[in-house]
Amino acid sequence: MAIATVNPTTGEVVKTFEALSTVEIQQKIEAAHSRFLQYRSVPLEQRARWLSEAANILERERDRFGELITLEMGKPLKAAIAEVEKSASVCRFYAEQAAEFLADVPIQTQAASSFVRYQPLGVILAVMPWNFPFWQVFRFAAPALMAGNVGLLKHASNVPQCAVAIEEVFVRAGFPAGAFQTLLVGADKVAMIVEDDRVKAATLTGSEPAGASLAAIAGKHIKKVVLELGGSDPFIVMPSADLDQAVKTAVAARMLNSGQSCIAAKRFIVADAIADQFLDRLVEQYKALKVGDPLLPETEIGPLATPGILQDLDQQVQTSIQQGAKVLIGGEPLRDRPGNFYTPTILTDIPKGCIAEYDEFFGPVALVFRVPDLDSAIARANDSPFGLGASAWTQDETERERLIEEIESGSVFINAMVKSDVKLPFGGIKRSGFGRELGREGIHEFVNIKTIWVQ
């Protein structure tokens with residue numbers, strides 16, 4: 001499998017890397033295991049200083065790292081720089097909060113003393129995606145390292161320079177050699193790494209098939225995994241909604257990362273009473289979107305990350321049209337320039353049985369469904385194999401409470417766009433995965449929650 005930077009804006013091969021050999025992988029696993037035996041005893045205060053310095057490096061060099069992200073996977077530069085800043089924020093959060101999150105928890109029992117202690121597991125493998133190449137890694141690494149674990153990163157093969165740069169950030173911040181290492185390897189090496197007895201757990205953010213494969217391997221060897229997989233998030237708009245704000249947010253929520261986000265709004269479920277108004281305004285705003293070179297400040301939508309993603313998305317759109325869906329705008333790749341560009345697209349009148357009902361569309365394509373009432377909106381939202389996030393728009397308090405209670409997803413945002421926040425647990429249910437990242441819950445995923453009883 002090629003490990004290379006291929007500029008998605010131009011198709012140019014920028015830099016190639018030699019994949020690690022089996023011997024080199026084994027050496028890195030041994031380096032991680034040996035380091036863990038010492039690192040687990042490093043005081044929290046020292047880990048926090050190193051992690052705070054990692055945040056300083058990210059903030060100081062956010063423009064350079066942002067340009068690297070844009071070069072490798074194509075998101076607009078402004079969004080790439082914001083991603084680096086958010087990565088710094090998760091480092092600061094856990095540097096400041098880990099001592100509280102990992103403190104012994106006393107429990108009153110019949111013992112003279114009983115409490116819960118949190119201890120690290122060891123070497124953790126992170127299999128990470130290309131769409132947020134810095135953020136996804138740092139939101140794993142910050143809590144894992146603060147908890148006393150060490151990390152191995154198998155990053156997506158189209159963002160190798162980001163992977164190397166992230167390891168360098170931790171080294172420059174002062175973390176000892178072996179505490180965090182990048183493995184430039186193809187997906188075919190993941191099983192071997194997970195099966196190694198020195199690797200104690202794994203986390204994966206990515207596609208449903210990749211998650212299922214990792215979970216199967218880890219399950220065979222009885223190892224803990226955290227999975228954050230696909231999503232087909234609903235964006236529900238009821239008649240009482242602030243329509244101007246809902247439409248504005250709908251565009252931002254769908255076009256996040258040029259549409260390449262698990263938590264991007266993908267299925268727009270709109271009450272019949274306001275559907276025509278919503279669609280008219282949505283089409284108007286889609287027409288105004290600026291697609292182009294992601295390094296230019298005015299660009300709102302860059303290229304898709306790879307030619308394969310572009311082809312898959314177009315195939316989904318064309319199949320949906322053949323099955324009866326109606327195109328309001330877009331519906332094809334941009335053919336007047338090089339690169340992996342797809343026109344902002346809106347599909348509506350989607351019939352039963354169409355692939356657009358259940359598939360995840362990973363790109364700038366909005367799927368619009370009309371519903372008569374709240375009951376139908378909730379039923380439509382839940383009629384999905386995924387359950388990552390949901391956004392719902394209403395000013396009615398009864399509707400709000402029903403949406404919060406009845407939507408099947410890892411998060412529900414009322415009158416706001418779904419996003420991750422360092423203070424809140426993040427993850428999904430159903431085929432969107434299991435386990436949580438971020439918040440207090442995130443740092444507890446890869447620790448031994450040890451019960452202590454002293455008589």
Specify the longest stretch of the chain that does not include any exposed loop site, a site being one of the GluC sites (Glu not before Pro) with a non-H, G, I, E, B DSSP assignment and at most 11 other Cβ atoms within 10 Å. 19-297
Cα centre as origin, Lys/Arg/Asp/Glu Cβ charges: the range 81-163 dipole, Debye: 180
Of the listed values (1) 4, 17, 23, 22, 18, 11, 4, 1, 0; (2) 4, 20, 29, 25, 15, 5, 1, 0; (3) 4, 21, 34, 29, 11, 1, 0, grab the one calculated as P(r) over Cα pairs in 10 Å bins from 0, in percent from the structure here. (2)
At what distance in angstrom do the alpha carbon centres of the range 114-149 and the range 177-252 lie from each other? 13
In degrees, nearest 10, range 0 to 90: what is the angle between the Cα axis of helix 208-220 and the longest Cα principal axis of the chain? 30
May I ask you to list the residues of the range 318-351 whose amide nitrogen lies under 12 Å from a point 7 Å from Cα along the Cα→beta-carbon direction of K287? 329-330
Can you pull out the trypsin sites (Lys or Arg not before Pro) in the range 188-272 that DSSP calls coil and that have at most 16 other Cβ atoms within 10 Å? R198
Between D272 and D349, what is the label-point separation in nm under the 7 Å Cα-to-beta-carbon projection? 1.7
Too long at a 27 Å Cα-Cα cut-off: which of K75/K266; K189/K419; K78/K352; K154/K450? K189/K419; K78/K352; K154/K450
Give the separation of the Cα centroids, the range 54-76 to the range 1-47, in Å. 18
Nearest 10 degrees, 0 to 90: what angle lies between the long axis of helix 307-322 and the longest principal axis of the chain (Cα atoms)? 40
Which residues does the label zone of S376 cover in the range 315-349, counting backbone N under 16 Å from a point 7 Å along Cα→Cβ? 348-349
Lys, Arg +1 and Asp, Glu -1 on Cβ, resulting dipole of the range 233-414 about Cα centre, debye, nearest 20: 580
Taking the Cα centre of each part, how many Å lie between the range 257-323 and the range 352-366? 11
Per q in 0.11, 0.15, 0.16 1/Å, what log10 I(q)/I(0) does a Debye calculation on the alpha-carbon atoms of the range 233-414 return? -0.44, -0.82, -0.94
Test of understanding: what is the full-extension gain from Q26 to K326, defined as 0.36 nm times their sequence separation minus their Cα-Cα distance? 102.7 nm
If one compares the long axis through the Cα atoms of helix 243-255 with the longest principal axis of the Cα atoms of the chain, the angle in degrees, nearest 10, works out at 60
Using just the helices of the chain, give the 222 nm mean residue ellipticity in deg cm²/dmol: DSSP H runs with n ≥ 4 each add -39,500 (n - 2.57), and the total is spread over all residues, rounded to 500. -13000 deg cm²/dmol
Give me the extension gain from D336 to V116: residue separation times 0.36 nm, minus the current Cα-Cα distance, reported in nm with one decimal. 73.0 nm
Dipole axis of the chain (+1 Lys, Arg; -1 Asp, Glu on Cβ), positive-most option in L367, L58, N149: N149
Relative contact order of the range 350-428, please, whole-number percent, based on alpha carbon pairs below 8 angstrom and at least 6 residues apart. 27
Placing unit charges on C-beta atoms (Lys and Arg positive, Asp and Glu negative, everything else neutral), compute the dipole magnitude of the chain about its Cα centre in debye, rounded to 20. 1220
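Each value in this text was obtained by applying a stated rule to the coordinates, not by laboratory testing. Everything numeric here is computed off the predicted structure, so don't read it as measured data. Here the Cβ is made from the backbone with ideal geometry for all residues, glycine too, and neighbour counts use every protein chain on show.
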